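Worksheet for the structure shown next.
The values are calculated or read from the model by the stated rules, or taken from the named source; none is laboratory data. Remember, predicted model here, so these are calculated numbers, not experimental data. Cβ placement follows ideal geometry from the backbone for every residue including glycine, while neighbour counts extend to all protein chains displayed.
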Amino acid sequence: MAYLCHKDHLKKIERMKKFAVVLAGCGVYDGAEIHEATLALLAIKEMGGDYQCFAPDILQHHVINHLTGKEMPEKRNVLVESARIARGNIKPLSEFKEKDFDALLFPGGFGAAKNLSSVAFDGANAKVNHEVEVAIKAMHKAKKPIGAMCIAPSFVTKVLGDVNVTLGTDEKDIQMIEAMGGTHVETEHGDVVYDAEHLIFTTPCYMLDAQITDIWDGAYNLIDAMMKELNDEVE
């Protein structure tokens, strides 16, 4: 344990907690939701933590023009597009090792349901990207916290099964989680569902009608809850 001597006082310093943040591209309709991703990264830093961004090195399912909402006739890479959010400081998800991190986080966006999984197309029968599945199972086995925002709790449930999560209040989403073997908890903005047995933390974000201030509330509260777990402060 280290101490910092400042103004004749000793301040206890905890080891900086490091998050692996898995992105799904760049942009709500075909990648990671930018508000959720950036506000989660900000919350981690605000609370004295650090992060490393990852993304699978694969092609996006498709490319959407975010001005018109229409599909574009081109191909883009999830890792390359995610690098826009991470300002280039990103690694292929294949390089993720659970021993190097204290927590794992998945922001939402349609990319989470199109690129990291097939939830957008297959619902409860969705498949999950192999590298995403490996990362989730490794952190779960190591008993380290996993956070998921917006639609991302769906594929966490698909991988782990009997967990408590939230996607907000939509009845179809509730039925999907239950069909995957999970238990859904209805929530509003800023709420965090904490599964103490499995160390899963989820918040609805843009699964509800939201403004950016609502996303900050959810991101902040999610990271705060995960930090408390990491620092053994959960009541």
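Looking only at strands (runs of 3 or more DSSP E) that fall completely inside the range 1-65, which ones have 3 or more residues that are exposed (fewer than 14 other Cβ atoms within 10 Å of the Cβ), at negative phi and at pLDDT below 95?
Working: elements: 2-6, 9-13, 18-22, 50-55.
In the range 1-65, 2-6, 9-13 are the strands (runs of 3 or more DSSP E) which contain 3 or more residues that are exposed (fewer than 14 other Cβ atoms within 10 Å of the Cβ), at negative phi and at pLDDT below 95.
Looking across the range 150-175, the residues that are of a type in the set (A, V, I, L, M, F, W, C) and surrounded by fewer than 23 Cβ atoms within 10 Å (Cβ to Cβ) come down to 159, 160, 174. Taken over the range 88-112, the criterion of being more than 18 Å from the chain's Cα centre (by Cα) and either free of Cβ contacts under 8 Å to residues at least 12 places away in the same chain or under 19 Å from residue 28 (Cα atoms) (or both) is satisfied by 88 alone.
Taking (1) in contact with a Gly (Cβ under 8 Å, 6 or more places away or on another chain); (2) buried (at least 19 other Cβ atoms within 10 Å of the Cβ) in turn, residue 147 satisfies each apart from (1).
Residue 115 - would you say it is free of Cβ contacts under 8 Å to residues at least 60 places away in the same chain and more than 21 Å from residue 198 (Cα to Cα)? Judged against the criteria, residue 115 is not a match. Inclusion of residue 174 among residues that are assigned to a helix (DSSP H, G or I), closer than 14 Å to residue 208 by Cβ and not aromatic (Phe, Trp, Tyr) is warranted. Please go through the range 179-200 and pick out each residue that is under 18 Å from the mean Cα position of the chain (by Cα) and not in a loop (DSSP other than H, G, I, E, B). Matches in the range 179-200: 184, 193, 194, 195, 200. I'm checking my understanding of the structure. Among residues of the range 187-235 that are β-branched (Val, Ile, Thr) and closer than 19 Å to residue 145 by Cα, which one is surrounded by the fewest Cβ atoms within 10 Å (Cβ to Cβ)? By that ranking, first place goes to 234.
When 80, 128 are checked against the criterion of being under 17 Å from the mean Cα position of the chain (by Cα) and on the phi < 0 side of the Ramachandran plot, 128 stands alone in meeting it.
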